[in-house]
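Just below is one structure, and these are the notes that go with it.
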Amino acid sequence: MRARRNPSQGGVDDDLGGALQLWRDAIRARRNAEAFERLQAARKRVARNTDDDWEWLAAALADPEKKWFVAHVFGRQPVPRRLFGSMMRAAVIDVDPSTNRWLLEPCLETFGRAAVIEELGWLKQSGEVPGQRIEWALYWCTREVERLRGTSRS
């Protein structure tokens, strides 16, 4: 069993499930500064993740609620290669074509457009995901290129 720090002392739960819960609680209570601090602590924690932690993160990406925590954790730091496939799958399984960008953008920034498009092609070929969802994801690949070039029309 893992030791836990007392949240009232400003620490973060020493397991990712606990960190998720503390972040959710702060979000629901509209304590934005605390939610941000919880994410920052989770981001710093990635450097010392165990194999169990990586498994938890990959499994969380398959959960319709938990995946947003993972997306936020990696929204400001590189996505480890070991999570790339899980994060891409989470993005295209998402039923909202506007929110899947929160899962796609970290992958685009870390691995680049070509790798993301290649992974989307593989997912399409596998038949795992409806083609329309692949198209939705490709939209964000185009938007990312436009943003980087400074030619976005929005």
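Every read-out reported here was derived from the displayed coordinates using simple, explicitly stated rules and does not represent laboratory data. Quick caveat: nothing in here was measured; it's all calculated off a predicted structure. No Cβ is skipped: glycine too gets one built from the backbone with ideal geometry, and neighbour counts run over all protein chains shown.
For this structure, a couple of remarks:
- Residues TRP122, TRP54, TRP68, TRP23, sorted so that the one with the fewest Cβ neighbours within 10 Å comes first: TRP122, TRP54, TRP68, TRP23
- Straight-distance crosslink candidates among lysines, where the alpha carbon sits under 25 Å from LYS124 and sequence neighbours closer than 8 are dropped: LYS66, LYS67
- For peptides 123-132, 35-44, sequence by mean Cβ density within 10 Å, most packed first: 35-44, 123-132
- Mean-position separation - Cα centroids, the stretch 47-109 and the stretch 117-140, in angstrom: 16 Å
- Approximating the spin labels as points 7 Å out from Cα along Cα→Cβ, the ARG113-to-ALA47 distance works out to 3.3 nm.
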